[in-house]
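These notes concern the structure reproduced below.
The values are calculated or read from the model by the stated rules, or taken from the named source; none is laboratory data. None of the values given here were measured: they were computed from a predicted structure. All Cβ positions, glycine included, derive from the backbone under ideal geometry; neighbour counts span all protein chains shown.
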Amino acid sequence: MAKIDTSDFRPGVNLRIDGEIYSIVEFQHVKPGKGGAFVRTKLKGITNDKNIEKTFRSGEKVEGVRVERRAAQFLYSDTGLWHFMNQETYEQFPLEKSKMRKPEFISEGDTCTLVVDAELEEVLYAEPANHITTRVEKSEPGIRGDTAQGGASKPATLASGAVIQVPLFVNEGDEIKVDTRTGEYIERVKTN
């Protein structure tokens, strides 16, 4: 639980404020004509997903947090627990559903990113990869004459259960690439 000085603030530095972990998005050192200098920050919550603005006095000490990203394979879920396996040690461990981000894009066998408080060895949350390749399980057929440039879309259910909008030319059984951050279709993947 190292204390860091406001002079060490940089984008990406993690701080513990009121029991929650935040990451610095922006910061600005301000030296007004009167009074002491201060640092104005914009912070994004890692544990609570809130965006806040906070001002610190220049030279103020704040608790810094070392956060690591680790890969783990999703095995299965049951009764509100999601079970993962460390791919290096083969150790298995459960996570509560509340610690899952975008669970609708995670299927059995997928590799996920675990965000871990390195000092406490506590998993803060798990999330899918930014881009996943998945199979379209259910989708209505497109209308004859539809092309890639058509611009129209239809709903499609993915193997993980998520429903996204896809172009009309995508059919059931197709492999597609999806951006999990936005839930948008990227492209159809060619299979050999």
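Details
- Residues of segment 96-112 satisfying the condition of being touching a Phe, Trp or Tyr at 6+ places or on another chain (Cβ under 9 Å), closer than 22 Å to Val163 by Cα and not in a helix (DSSP H, G or I): Met100, Arg101, Ile106, Ser107, Glu108, Gly109, Asp110, Thr111, Cys112
- Residue check for Val13: in contact with a Gly (Cβ under 9 Å, 6 or more places away or on another chain) and surrounded by fewer than 16 Cβ atoms within 10 Å (Cβ to Cβ): no
- Of note, Leu120 does not satisfy the criterion of being more than 21 Å from Arg135 (Cβ to Cβ) and modelled with pLDDT of 90 or more.
- Among the residues of segment 21-43, the ones that are loosely packed, with under 15 Cβ neighbours inside 10 Å and under 29 Å from the mean Cα position of the chain (by Cα) come to 4 in all.
- Selection status of Arg69, of a type outside the set (Phe, Trp, Tyr), touching a residue at least 12 places away in the same chain (Cβ under 8 Å), surrounded by fewer than 16 Cβ atoms within 10 Å (Cβ to Cβ) and within 13 Å of Glu127 (Cβ to Cβ): yes
- The number of residues in segment 136-161 that are modelled with pLDDT under 90 and under 21 Å from the mean Cα position of the chain (by Cα) comes to 3.
- Total residues in segment 85-105, condition over 12 Å from Ala72 (Cα atoms) and surrounded by 12 or more Cβ atoms within 10 Å (Cβ to Cβ): 7
- Within segment 61-88, considering residues that are at pLDDT below 90 and of a type in the set (Asp, Glu), the one farthest from Thr41 (Cα to Cα): Asp78
- Output for segment 50-66, where each listed residue is under 18 Å from the mean Cα position of the chain (by Cα) and touching a residue at least 40 places away in the same chain (Cβ under 8 Å): Arg66
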